[in-house]
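Taking it in order: structure first as structure tokens, then the write-up.
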4 protein chains.
Amino acid sequence: MSTDAQQACFEAGIKFGSLYHQFAGTPVSPASTRSLETAMAEAIENQPYCESVEVTVHDDRVREAIDHENGYTELTGSLMDVTMRVVYEDVVVRTRMEMEGGYPLMKLVDVEE
Amino acid sequence: MSTDAQQACFEAGIKFGSLYHQFAGTPVSPASTRSLETAMAEAIENQPYCESVEVTVHDDRVREAIDHENGYTELTGSLMDVTMRVVYEDVVVRTRMEMEGGYPLMKLVDVEE
Amino acid sequence: MSTDAQQACFEAGIKFGSLYHQFAGTPVSPASTRSLETAMAEAIENQPYCESVEVTVHDDRVREAIDHENGYTELTGSLMDVTMRVVYEDVVVRTRMEMEGGYPLMKLVDVEE
Amino acid sequence: MSTDAQQACFEAGIKFGSLYHQFAGTPVSPASTRSLETAMAEAIENQPYCESVEVTVHDDRVREAIDHENGYTELTGSLMDVTMRVVYEDVVVRTRMEMEGGYPLMKLVDVEE
């Protein structure tokens with residue numbers, strides 16, 4: 001009904017959706033970007049077939065997004081870059097979240113069988 | 001770098017991970033199962049390529065999971081069934097969340113090119 | 001250690017934080033505002049001491065926030081109004097989320113003993 | 001309409017509800033407990049009036065909750081202890097999440113004016 005490569009891509013999508021919707025909305029400031037990056041990556045790396053996750057929350061974008069009175073903002077896709085490597089059977093899938101036309105887009109970068 | 005079918009499976013995975021991690025933890029009782037089902041389905045149907053989502057939150061399982069003092073529980077995978085239909089270019093992907101060995105599993109049911 | 005009125009205010013705060021961080025980030029469009037409003041209100045009304053919750057997700061603000069290509073946006077505080085009524089022992093607490101200086105603020109409106 | 005102490009308790013409640021519903025459902029294993037603890041504490045400490053947050057995710061409880069096949073579980077209140085200190089004007093509020101009758105309960109420990 002489905003190939004290993006298709007299954008690998010499905011798994012990769014699950015990880016991306018999970019990461020985004022688990023952590024979007026988290027209060028963030030330049031003081032907490034490093035711990036949030038690490039926690040996001042390590043949380044999603046727990047999921048099956050997820051070999052590695054790299055998250056960069058950009059301090060400069062966080063600073064720009066901050067309300068001066070509040071001192072923090074909420075995590076959204078436009079503040080971070082994410083790359084993942086998912087391995088299912090003999091298939092390696094690489095994905096990336098990047099800005100396109102001002103909006104964050106989750107992308108399938110490469111499927112290697 | 002990737003086929004339409006692989007892209008379709010990636011998109012299907014994103015929707016599943018999004019649905020699960022957006023709504024897991026929501027306070028739920030038999031009085032609120034219907035509205036939660038509808039909101040989950042309609043929220044995820046907003047996402048690109050997502051043609052239809054069906055969510056069933058099982059009243060009997062919710063009732064069993066409830067702490068008698070509190071009167072509600074938190075939504076988890078074991079309380080619901082989810083099916084989705086994702087269409088990308090000419091590819092139709094059907095997915096299902098079901099219990100396997102006591103744990104909820106997101107499954108690629110069918111990929112039709 | 002604490003009065004009934006203080007406990008009532010604590011409970012009211014819990015409900016507000018719960019509602020916001022459970023549902024922020026949910027994909028939303030004018031086609032799904034009604035179901036999201038209902039699900040949010042009914043979910044939080046499950047929590048102890050929470051007598052009523054009213055949520056308005058503003059269709060016009062959702063429309064303005066939407067990326068034309070995507071057709072949906074993510075729920076944030078600036079798209080909605082929320083009011084709650086929490087009753088603990090003989091104390092009634094009313095709260096409201098409203099925009100102030102361009103940012104959503106959760107406010108204690110009234111504490112009635 | 002409300003005293004500083006009541007406002008302080010409301011703020012303390014917001015922080016608790018935020019922490020719980022932002023992070024409940026996060027995939028967790030003994031390999032990721034430390035980073036999750038730090039990220040949760042630092043995220044919520046960004047919020048106004050929140051002086052300190054301490055989170056302990058118990059490795060032994062995480063291990064017990066883990067499905068042997070999956071290797072991870074989802075964060076819930078029963079896996080962690082949380083204490084917070086909120087300061088509003090001259091009022092100090094201390095809160096704690098603890099298990100009671102098998103269920104996690106958010107508690108107002110002390111209000112000091």
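Charged side chains reduced to their Cβ positions (Lys and Arg at +1, Asp and Glu at -1) give the protein assembly as shown a dipole of some 0 debye around its Cα centre. Rolling a 1.4 Å probe across the protein heavy atoms gives region A:4-112 an accessible surface of 38 Å² per residue.
Taking all protein chains as present, what is the carbon and sulfur share of the accessible area of region C:1-108, in % to the nearest whole number, probe 1.4 Å? Here carbon and sulfur together make up 43 percent of the probe-accessible area. Judged by the ratio a/c of the largest to the smallest principal axis of the C-alpha gyration tensor, the protein assembly as shown counts as prolate, that ratio being 1.5 or greater while a/b is larger than b/c.
Placing a label point 7 Å from the Cα of A:Glu98 along the Cα-to-Cβ direction, the distances to the matching points in the other copies come to 3.9, 4.5, 5.2 nm, shortest first.
Distances from B:Val109 to itself in the other copies, using label points 7 Å out along the Cα-Cβ axis, amount to 3.3, 4.4, 4.9 nm in increasing order. Distance distribution note for region D:4-112: the fraction of Cα pairs above 20 angstrom is 40%. Computed from Cα positions, the angle between helix B:33-45 and the longest principal axis of chain B comes to roughly 20 degrees.
Note on region C:4-112: with charges restricted to the Cβ of Lys and Arg (+1) and Asp and Glu (-1), its dipole about the Cα centre is near 140 debye.
Distances between placed amide hydrogens fall under 5 Å for B:Ser52 paired with B:Arg85, all partners being 5 or more residues away or on another chain.
The residues B:Glu113, B:Glu100, C:Glu54, sorted by heavy-atom accessible surface at 1.4 Å with ligands and nucleic acids left out, run B:Glu113, C:Glu54, B:Glu100 from largest to smallest. With a ≥ b ≥ c taken as the square roots of the eigenvalues of the C-alpha gyration tensor of region A:1-55, please select rounded if a/c is under 1.5 and otherwise prolate if a/b is larger than b/c or oblate if it is not? Prolate shape, in that a/c is at least 1.5 and a/b is the bigger ratio. For region B:38-87, a reduction of at least 30 Å² in accessible area between the chain on its own and the assembled protein chains (probe 1.4 Å) is found at B:Ala39, B:Glu42, B:Ala43, B:Asn46, B:Gln47, B:Pro48, B:Asp67, B:Asn70, B:Tyr72, B:Glu74. Comparing C:Tyr20, C:Tyr49, C:Tyr103 in a Gaussian network model of chain C, where Cα atoms under 10 Å apart are tied by springs, the biggest mean-square fluctuation is seen for C:Tyr103. Annotation: amide H of B:Thr26 within the under-5 Å range of B:Leu75, sequence separation 5 or more or interchain, hydrogens built in the peptide plane. Note on chain C: with a GNM built from Cα contacts shorter than 10 Å, the maximum mean-square fluctuation among C:Glu64, C:Glu11, C:Glu45 falls on C:Glu64. Karplus-based coupling profile of region B:70-79, in residue order and whole Hz: 6, x, 8, 9, 10, 4, 9, x, 6, 9, with θ = phi - 60° in 6.51 cos²θ - 1.76 cosθ + 1.60 and x standing for Gly or Pro.
The HN-Hα couplings worked out from phi for region C:23-31 by the Karplus form 6.51 cos²θ - 1.76 cosθ + 1.60 (θ = phi - 60°) are 9, 4, x, 5, x, 9, 9, x, 6 Hz, whole numbers, x standing for Gly and Pro. Chain C against chain B buries an accessible area of about 1600 Å², both chains summed, 1.4 Å probe radius. Whole-Hz Karplus values for region D:4-11 come out as 4, 5, 5, 4, 4, 5, 4, 4 Hz, taken residue by residue from phi with 6.51 cos²θ - 1.76 cosθ + 1.60 and θ = phi - 60°; glycine and proline positions read x. Comparing A:Met40, A:Met84, A:Met99 in a Gaussian network model of chain A (Cα springs below 10 Å), the most mobile by mean-square fluctuation is A:Met99. Treating cross-link reach as a plain straight distance, find the aspartates and glutamates whose alpha-carbon is under 17 Å from the alpha-carbon of D:Lys15, omitting any fewer than eight places away in the same chain. Reachable aspartates and glutamates: A:Glu74, C:Glu11, D:Asp4, D:Glu37, D:Glu42, D:Glu45, D:Glu51, D:Glu54, D:Asp81, D:Glu89, D:Glu98, D:Asp110.
The values are calculated or read from the model by the stated rules, or taken from the named source; none is laboratory data. Small disclaimer: the values here were computed from a predicted structure and weren't measured. Reconstructed Cβ throughout: ideal geometry from the backbone, glycine too, with neighbour counts over all protein chains shown. Heads up: the accessible areas ignore ligands, DNA and RNA and are worked out on the full protein's heavy atoms, side chains in. Shrake-Rupley method; radii C 1.70, N 1.55, O 1.52, S 1.80 Å.
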